[in-house]
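Shown next, in structure tokens, is the structure this report addresses.
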Amino acid sequence: MRFGKQPLGFGPVGAIQIRRATEADAEAIRAIYNHEVEHETATFDLVPRSLEDQLAWQNARQGAFCVYVAELDGQVVGFGALSPYKERAAYRTSVEDSVYVRRDMGRRGIGKAIVEHLLETAADGGFHAVMARITTLSAGSIALHERLGFQMVGIEREIGRKFNRWLDVAIMQKLIP
């Protein structure tokens with residue numbers, strides 16, 4: 001238990017349970033994600049996902065890259081995944097995390113449970129670096145990653161454009177010993 005929680009997260013973390021996402025979770029994941037697409041800057045996607053797109057995204061992720069959900073009182077309240085950081089072979093020991101929590105469920109430890117689980121998954125998968133790319137407007141996500149040992153390693157200035165404004169992205173990194 002390298003990061004202070006149960007390995008692979010299939011047991012409870014308080015009242016929060018982290019488990020692998022199933023096809024039955026696709027609609028809940030899609031609803032959380034599409035809210036971010038349509039109303040927030042946490043993702044730079046501009047077009048909401050269809051259910052078919054969501055299922056394809058989930059089905060494309062296997063092994064260390066599979067999708068996990070956070071469940072509270074039987075409801076999916078967040079999700080996370082690891083993705084390859086870059087395509088070139090020398091980057092294969094690095095991954096990027098993605099974490100989304102339903103907006104009405106913030107500040108309950110859900111994001112922390114998801115990130116801790118992703119860190120454990122990355123460690124178990126033999127990865128050395130976990131990267132997080134977070135819009136600088138997401139102070140809560142930046143603070144969460146800092147609390148879990150990520151360090152700021154750079155800012156991409158005006159790298160994306162959404163809602164008719166330029167957005168900066170903070171690049172954070174945690175090395176896994």
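What does the helix-only formula give at 222 nm for the chain: each DSSP H stretch with n ≥ 4 adding -39500 (n - 2.57), the total divided by the residues, and the result rounded to the nearest 500 deg cm²/dmol?
-8000 deg cm²/dmol
Inverting the pair-averaged 1/r between distinct Cα atoms of the stretch 1-157 gives 15.9 Å as its Kirkwood hydrodynamic radius. Placing +1 on the Cβ of every Lys and Arg and -1 on the Cβ of every Asp and Glu, with no other charges, gives the chain a dipole of roughly 460 debye about its Cα centre. For A143 and R92, the FRET efficiency from 1/(1 + (r/R0)^6), where r spans their Cβ atoms and R0 equals 35 Å, is about 0.75.
Rounded to the nearest whole Hz, the Karplus-based 3J(HN,Hα) values (6.51 cos²θ - 1.76 cosθ + 1.60, θ = phi - 60°) of the stretch 73-83 follow the sequence 6, x, 10, 6, 10, x, 8, x, 7, 9, 9, with x at glycine and proline.
Counting Lys and Arg as +1 and Asp and Glu as -1, each charge on the Cβ, what is the dipole of the stretch 79-177 about the Cα centre in debye, to the nearest 20? Before the final figure, lay out each step's value.
Working: 15 positive and 11 negative charges, 68 e Å.
Roughly 320 debye for the stretch 79-177.
Exposed loop chymotrypsin sites (Phe, Trp or Tyr not before Pro) only (DSSP loop, at most 12 other Cβ atoms within 10 Å): please give the longest stretch of the chain free of them, not including the sites. Don't skip to the answer; put the middle values down first.
Details: sites that count: F10, F163.
The longest uninterrupted stretch comes out as 11-162.
Bear in mind that the values in this text are calculations on the coordinates, not laboratory data. The shown structure was predicted, so the numbers you read here are calculated from the model rather than taken from an experiment. Using ideal geometry, Cβ is built from the backbone for each residue, glycine included, and neighbour counts are taken over all protein chains shown.
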